[in-house]
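Data first, discussion second: the structure below is written as structure tokens.
The values are calculated or read from the model by the stated rules, or taken from the named source; none is laboratory data. Source: prediction; values computed, not measured. Note that each Cβ is placed from the backbone with ideal geometry, even for glycine, and that neighbours are counted across all protein chains shown. These accessible areas exclude ligands, DNA and RNA; they are computed on the full protein's heavy atoms, side chains included. Shrake-Rupley method; radii C 1.70, N 1.55, O 1.52, S 1.80 Å.
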Amino acid sequence: MVFGTSSDAGGGSSRTLRSRRSLLRAASGLGVAALAGGTLTGCSQSSSGATRVRLWSWLTGMDQYVAAFNASQRDVHVELSVIAAGTSGGYAQQTNAIRAHNAPDILHTEYQALPQIVTTGGLRDLTDDVADLADGFLPAAWRSVRPDGRTWAVPMDFCPMAFFHRKDLFDKAGVQVPRTWEEFAEAAAAVRRTDPRARITTFPLNDGAFFAGMAWQAGDPWWRVAGDSWQVGIDTKGTMGMAGYWQDLVSSGKVAHTPTADQSWISSLHQGRLWGMLGATWGVGVMKRSLPTAKGKWAVTTLPTWGDKAVNGAFGGSAFAVAAQSEVPEAALTFLRWLSTDPAVPRIGAKVTFPSPAYLPSRKVAREAYKNEFFAGEPLFDVFDRAATRVPDWTWGPTSLSVFSSIADVLAPVPTGGTTIPRALHTLQSSTVATMRERGLAVRNGGRA
Amino acid sequence: MTIAVNSQQEAGELRRPSRPRRRFTGAALAAPFAVLLLCTVLVPIGYALWLSLFTDRLSGLGFDGYRQVFTGLANYTHVLTDPAAHTALGNIALYALIHIPVMFGGALLIALLLNSATVRLRQIWSLAVFLPYAVPGVIAGLIWGYLYSPNIGPLNEALPFDPLGSGGVLSSIVNMATWQWMGYNVIIFYTALQAVPREVLEAARADGAGAIRTALSIKIPMIRPTVFVALMFTTIGSLQLFTEPMVLRTFTGTVTSTWTPSLYIYEAAFTNNDYGRAAAASVLLALASALLSALVMRLSARRSR
């Protein structure tokens with residue numbers, strides 16, 4: 001404030017003098033404020049009497065949820081700092097903060113990253129705090145925050161996978177939307193026959209979390225908790241079957257293998273060179289943003305299945321954890337309970353994004369609140385509710401984030417024939433086991449005992 | 001030794017009674033620098049050295065947090081025997097082998113052209129050459145990434161190879177770095193060329209040397225010290241190559257998560273949370289940079305003799 005007036009004033013020697021003095025005053029004031037801030041940080045009561053809770057998140061719409069929460073009551077005041085999305089720097093920032101003992105009270109984590117963040121020792125065990133919520137959540141989401149039977153985070157949303165496709169082009173070409181992966185391979189060939197430059201989808205080889213989501217559907221979890229040790233089985237039957245299938249499609253050129261959701265991908269969608277996307281609930285927002293003019297052309301359905309097993313993978317979804325260092329865990333949990341279960345949240349979410357709450361009653365609210373004007377075909381919530389209930393057991397490992405980045409590395413030579421997806425998975429299995437053992441973890445090599 | 005110091009001190013006290021105060025002034029004037037050096041350079045280096053001797057050891061499922069254990073030089077042996085680190089080093093060596101000659105050759109040529117008497121619009125040319133340096137590295141990376149991308153950039157179809165494929169990505173990164181840094185070196189060389197004494201050039205001309213002969217035999221040898229300093233900067237910069245490959249990673253999987261030593265360190269620290277190994281790799285990279293710069297400086301000293 002003082003700075004503003006002094007610089008606005010300008011001109012005239014007396015003015016300059018005064019402004020210099022006010023500058024000095026402002027500077028000393030800042031010093032005092034900094035000192036006061038320094039002493040205040042230990043104490044969490046803000047001047048209004050509300051308990052201050054610090055939150056780091058990159059969730060779309062979080063600013064609006066926080067504003068609504070702060071307006072709805074006077075006991076807890078949440079301060080949001082928007083950080084970079086997970087693997088783009090958010091996880092690094094949070095684990096560094098935990099290490100430096102200045103973590104915020106609430107941390108943002110996707111399910112796939114949670115166990116790795118738990119290994120920093122920086123999260124509060126929430127088992128007793130939120131035990132009463134156990135039955136409220138989608139089973140897959142609830143299991144994802146309880147890798148070892150202790151609860152480490154509160155689920156917020158959950159993202160089952162889906163097959164987004166150009167309904168108009170499929171209809172025009174007379175290609176059936178595939179229900180099984182067998183039909184999908186035939187459809188892929190049919191799409192290429194119809195338009196030699198077009199592909200049914202891309203199978204992004206640089207996206208480890210996507211690849212893991214596809215493996216999730218195939219039915220052999222990569223990690224299992226067996227007593228006090230990890231059982232690691234990445235190159236087991238289910239995943240290897242899935243890998244061989246995609247190897248065939250990629251090497252025969254029936255699908256593209258370039259990244260999803262970058263500029264080049266959006267351009268391919270615009271030109272009708274990609275007829276589909278393997279994505280998850282967040283794809284609704286991505287499609288609408290990337291293709292504002294394609295209203296009514298796209299539809300969504302559950303992932304094609306392996307044979308007649310009605311199973312669906314998942315790809316993403318956020319949960320929120322409380323830092324072990326937090327001095328205000330109760331206040332933090334008050335906010336997290338509100339964020340995960342209050343009907344106001346999906347109502348706000350329906351305006352800014354496509355909400356896919358992990359809390360079952362909130363899914364009903366979201367379904368009523370969300371207005372779909374973009375997608376044709378089956379109603380979105382029918383598709384995603386069906387997909388969400390089909391998500392099988394899965395446990396993420398304590399080095400998942402490293403594994404995702406290794407997946408991109410080992411799959412990179414696939415397009416040029418330098419390796420095959422199944423061969424790359426054997427490499428991945430042994431490097432994952434080696435890395436885990438090196439960190440001191442108890443590991444059993446291989447799938448089911 | 002002690003005697004000498006004592007006698008010097010005595011002599012000093014005799015001649016200049018105010019010396020202790022002066023010494024205090026000197027210390028006070030040096031203090032800001034010393035404090036900054038201590039806080040921003042020495043302490044972090046010391047901390048990195050300290051960290052590199054430890055590792056965060058988990059146990060069981062790992063959910064009860066880690067214990068920091070002293071492992072001596074184990075992190076160093078891990079990095080030195082890690083095939084991923086070797087690949088990163090190989091990549092960076094190849095990169096430097098192509099990037100440095102191409103960029104230095106180009107920059108010298110342009111600087112000599114700018115310096116020659118016949119060039120018109122010199123200011124505009126030098127500005128034009130320098131402009132890429134003014135583009136922030138990440139932005140430049142994105143621009144080139146888009147130019148290389150299939151479907152949106154023209155280069156993917158114009159080039160006989162895929163600039164984002166395994167055979168082309170190295171030259172793509174060399175191109176990005178050369179584009180960005182060439183102008184910077186041109187300005188350095190050009191400024192040095194301006195300082196070459198006119199008399200020497202006139203004498204050369206009087207002896208019958210043409211423009212090319214003057215450039216090769218007079219100008220380049222005279223700016224050799226500058227070229228070596230620039231070479232040292234570029235060598236260190238090459239070893240630390242990070243921005244370009246990091247940005248290209250979002251466009252292609254060909255650039256792996258450990259493609260250069262800096263990426264290797266980033267991956268170790270921020271994806272694997274293996275801070276000890278990251279610290280050890282950083283120390284090794286710093287040592288390599290120091291050795292290489294010393295080598296370059298020594299070469300320069302030998303040449304200029």
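Report the accessible area of residue A:110, computed with a 1.4 Å probe over the heavy atoms of all protein chains in place, in Å² rounded to the nearest 10.
Here the accessible area works out near 40 Å².
Principal axes first, then extents: for the Cα atoms of the protein assembly as shown, list largest minus smallest coordinate on each axis, whole Å, largest first.
Sorted largest first, the three principal extents are 94, 67, 63 Å.
Sort A:165, A:101, A:77, B:78 from largest to smallest accessible area, using a 1.4 Å probe on the heavy atoms of the protein chains. Intermediate values should be presented prior to the final figure.
Details: A:165 10, A:101 145, A:77 80, B:78 50 Å².
Ranked from most to least accessible, the order is A:101, A:77, B:78, A:165.
Quick one: dipole size for the protein assembly as shown, taken about the Cα centre, charges +1 on Lys/Arg Cβ and -1 on Asp/Glu Cβ, in debye to the nearest 20. Before the final figure, lay out each step's value.
Numbers: 65 positive and 50 negative charges, 546 e Å.
Around 2620 debye, computed over the protein assembly as shown.
Taking all protein chains as present, what is the carbon and sulfur share of the accessible area of the stretch B:194-249, in % to the nearest whole number, probe 1.4 Å? Mind dumping the intermediate values first?
Details: 1860 of 3040 Å².
Summing carbon and sulfur atoms, their accessible area is 61 percent of the total for the stretch B:194-249.
When the helices in chain B are scored as -39500 (n - 2.57) per DSSP H run of 4 or longer and the sum is shared across all residues, what 222 nm value do you end up with, to the nearest 500 deg cm²/dmol?
Values: 15 runs with 209 residues, N = 305.
Mean residue ellipticity, 222 nm, calculated: -22000 deg cm²/dmol.
So what J values fall out for the stretch A:381-390 if you push phi through Karplus, 6.51 cos²θ - 1.76 cosθ + 1.60 with θ = phi - 60°, rounded to Hz, Gly and Pro as x?
For the stretch A:381-390, the Karplus-derived couplings read 5, 4, 4, 6, 5, 4, 4, 5, 7, 8 Hz, x marking Gly and Pro.
Which parts of the stretch B:243-261, residue by residue, lose 40 Å² or more of accessible area when the rest of the protein chains are there, as against the chain isolated (1.4 Å probe)?
Going by heavy-atom accessible area, the residues of the stretch B:243-261 that drop by at least 40 Å² are B:253.
Under Stokes-Einstein, with the Kirkwood radius over Cα pairs standing in for Rh, what whole-number D in µm²/s applies to the stretch A:133-241 at 37 °C and 0.692 mPa s? Let's see the in-between values first.
Working: Rh = 17.0 Å.
Rounded to a whole number, D works out at 193 µm²/s.
On the accessible surface of chain A, probed at 1.4 Å, how many percent belong to carbon and sulfur atoms?
Details: 9710 of 18550 Å².
Carbon with sulfur: 52 percent of the solvent-accessible area.
Hey, with R₀ at 60 Å, roughly what FRET efficiency would residue A:150 and residue B:299 work out to, going by the Cβ-Cβ distance, to 0.05? Before the final figure, lay out the partial values.
Values: r = 61 Å, r/R0 = 1.01.
Calculated value: 0.50.
Please give the charge dipole size of chain B, origin at the Cα centre, charges +1 on K and R Cβ atoms and -1 on D and E Cβ atoms. Round to the nearest 20 debye. It would help to have the intermediate numbers written out before the result.
Values: 21 positive and 13 negative charges, 305 e Å.
For this selection, approximately 1460 debye.
Under the rule of at least 5 residues apart or a separate chain, name every residue whose amide H is placed under 5 Å from the amide H of residue A:157.
It is A:318, A:358, by chain and number.
Go through A:111, B:24, B:89 and say which Cα lies farthest out towards the positive end of the charge dipole of the protein assembly as shown; charges sit on Cβ, +1 for Lys and Arg, -1 for Asp and Glu.
Of A:111, B:24, B:89, it is B:24.
Chain pair A, B: how much accessible area is buried, both chains summed, with a 1.4 Å probe, in Å² to 100? Could you put the intermediate results ahead of the total?
Details: alone 20100 and 18870 Å², together 35820 Å².
Approximately 3200 Å², summed over both chains.
For the stretch B:164-195, state which residues have at least 10 Å² less accessible area in the presence of all protein chains than in their chain by itself, taking the probe as 1.4 Å and leaving out ligands, DNA and RNA.
Buried by the other chains: B:166.
Can you pull the percent of Cα pairs in chain B with separation above 35 Å? Walk me through the intermediate numbers first.
On the way: 19883 of 46360 pairs.
For chain B, the fraction of Cα-Cα distances above 35 Å is 43 percent.
With a 1.4 Å probe and every protein chain left in place, tell me how much accessible area residue A:427 has, in Å² to the nearest 10.
My reading of the accessible area for residue A:427 is about 70 Å².
Let me spell out the model: positive unit charges on the Cβ of Lys and Arg, negative unit charges on the Cβ of Asp and Glu, origin at the Cα centre of chain A. What dipole size does that give, in debye rounded to 20?
Dipole size: approximately 1140 debye.
Roll a 1.4 Å probe over the protein chains and send me the accessible area per residue for the protein assembly as shown in Å².
48
Compute the distance in nm between two label points, each set 7 Å from the Cα along the Cα-to-Cβ direction, one at residue A:252 and one at residue B:202.
8.1
Test of understanding: what is the full-extension gain from residue B:69 to residue B:194, defined as 0.36 nm times their sequence separation minus their Cα-Cα distance? All intermediate terms of the calculation are to be shown ahead of the outcome.
Values: separation 125, 0.36 × 125 = 45.00 nm, distance 5.77 nm.
Additional length available on full extension: 39.2 nm.
With every protein chain kept in the model, how would you rank A:111, B:133 by accessible area, 1.4 Å probe, largest at the top?
Details: A:111 5, B:133 80 Å².
Largest to smallest exposure gives the sequence B:133, A:111.
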